[in-house]
1. Out of curiosity, is ILE132 within 18 Å of the chain's Cα centre (by Cα) and in contact (Cβ under 8 Å) with a residue 60 or more places away in the chain?
2. What single numbered condition from (1) over 16 Å from GLN150 (Cα atoms); (2) modelled with pLDDT of 95 or more; (3) in contact with a Gly (Cβ under 7 Å, 6 or more places away or on another chain) fails to hold for ASN42?
3. With the requirement that a residue be within 17 Å of ARG146 (Cβ to Cβ) and either touching a helix residue (DSSP H, G or I) at 6+ places or on another chain (Cβ under 8 Å) or part of a helix (DSSP H, G or I) (or both), what does the stretch 78-91 give you?
4. Of all helices (runs of 4 or more DSSP H) completely enclosed by the stretch 146-240, which ones contain at least 1 residues that are on the phi < 0 side of the Ramachandran plot, crowded, with 19+ Cβ neighbours inside 10 Å and among the hydroxyl-bearing types (Ser, Thr, Tyr)?
5. GLY166 passes all but one of (1) at pLDDT below 95; (2) within 19 Å of TRP245 (Cα to Cα); which number fails?
6. Across the stretch 75-98, what is the number of residues that are crowded, with 18+ Cβ neighbours inside 10 Å and under 20 Å from the mean Cα position of the chain (by Cα)?
7. So, of the residues in the stretch 117-128 that are touching a residue at least 40 places away in the same chain (Cβ under 8 Å) and part of a helix (DSSP H, G or I), which turns out to be surrounded by the most Cβ atoms within 10 Å (Cβ to Cβ)?
8. Consider only pairs whose beta carbons are under 7 Å apart and that are at least six residues apart or on different chains; among these, list those whose first residue lies in the stretch 64-85 and is within 18 Å of ALA15 (Cβ to Cβ) and modelled with pLDDT of 95 or more and whose second residue is surrounded by fewer than 12 Cβ atoms within 10 Å (Cβ to Cβ) and small (Gly, Ala, Ser).
Amino acid sequence: MAERSKGILWFVVLAFAISWVAILGIYLLGGTSPAAGETLPNPLVGLLSMLGTFGPAIAAIVVRKWITREGFKDAGLRLNLKAGWKYYLVAFLFPLVTVPIALGVAALYGAAITGLSAESLATIIPLFVVSIFLSLLYFGEEFGWRGYLQNRIAPGKPLLAALLTGLIWGIWHFAIVISGISLSGNLVALLVYPIDCFLGSIFFGWLFTKGQSIWPVCLAHAVGNTVVTGVMAMLLPDVPQLVSWAVFTLAGYAVIALVLVISRQVKWREAQA
């Protein structure tokens, strides 16, 4: 087996095994209720949650260090602020594009935007600040998906790499749905996660390639899950979370992905040197 294929296979197996065993442990400990999806205050549940989140990063470290022994030269661990500062800015401010699009789609859909007030808008800034610190948490996913897998799964074909990584990443999320941790166990989410992850892989993969660092990707992931999700919940309080995410929020992400593809920032095939 070629070294690249061996690395990919081991990475996927380890990432799923670590994360899914951790989620199984949470479920067996009663850490979630399949009916309500509420986490109980059990310290072991918190530790298992961290282990599950960091499954892809742990897998990437193990593969790089001990299986393929390729090291960490292309892992994007440096901040690269001087050359890549604008990609941090994009990662931080992209909700200014996606949220208006999502709300526009919601308005066309007939959803009532009832949570808009000076008070609610004042809570948005703290969400941005919190996202900066949560970037460290999302390193657990992104060091694996972007820092390892997406770079290797389809060399020279960025769009195909995003599609394949998004599919695997989406399936990786299935355990948190089936266990009731995410979206109260609504199985429709099993259809939505691969689409969400495909769109995310286009955007995040572009950030990683252009920014030459994993950190703007971690920031974008944190901002998306904290700011975008938080603002949508705040402004559309009467809309079910699954509808808000699967229909409205993904419309915003789809526009970003489409712009990147149409502008050939993310190509099906890179030009041969």
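The values are calculated or read from the model by the stated rules, or taken from the named source; none is laboratory data. Values in this document were obtained by computation on a predicted structure and should not be read as measured data. All Cβ positions, even for glycine, are placed from backbone atoms using ideal geometry, and neighbour counts span all protein chains on display.
1. yes
2. (2)
3. LEU79, ASN80, GLY84, TYR87, TYR88, VAL90, ALA91 - these are the residues of the stretch 78-91 that are within 17 Å of ARG146 (Cβ to Cβ) and either touching a helix residue (DSSP H, G or I) at 6+ places or on another chain (Cβ under 8 Å) or part of a helix (DSSP H, G or I) (or both).
4. So the answer is 158-172, 189-211.
5. Against the list (1) at pLDDT below 95; (2) within 19 Å of TRP245 (Cα to Cα), GLY166 comes up short only on (1).
6. Residues of the stretch 75-98 that are crowded, with 18+ Cβ neighbours inside 10 Å, as a first pass: 75-76, 84, 87-88, 90-92, 94-95, 98.
Adding the requirement that they be under 20 Å from the mean Cα position of the chain (by Cα) leaves 75-76, 87-88, 90-92, 94-95, 98.
Here the count works out to 10.
7. Ranking the candidates gives LEU127 first.
8. Partner pairs satisfying both residue conditions: ARG64/GLY71.
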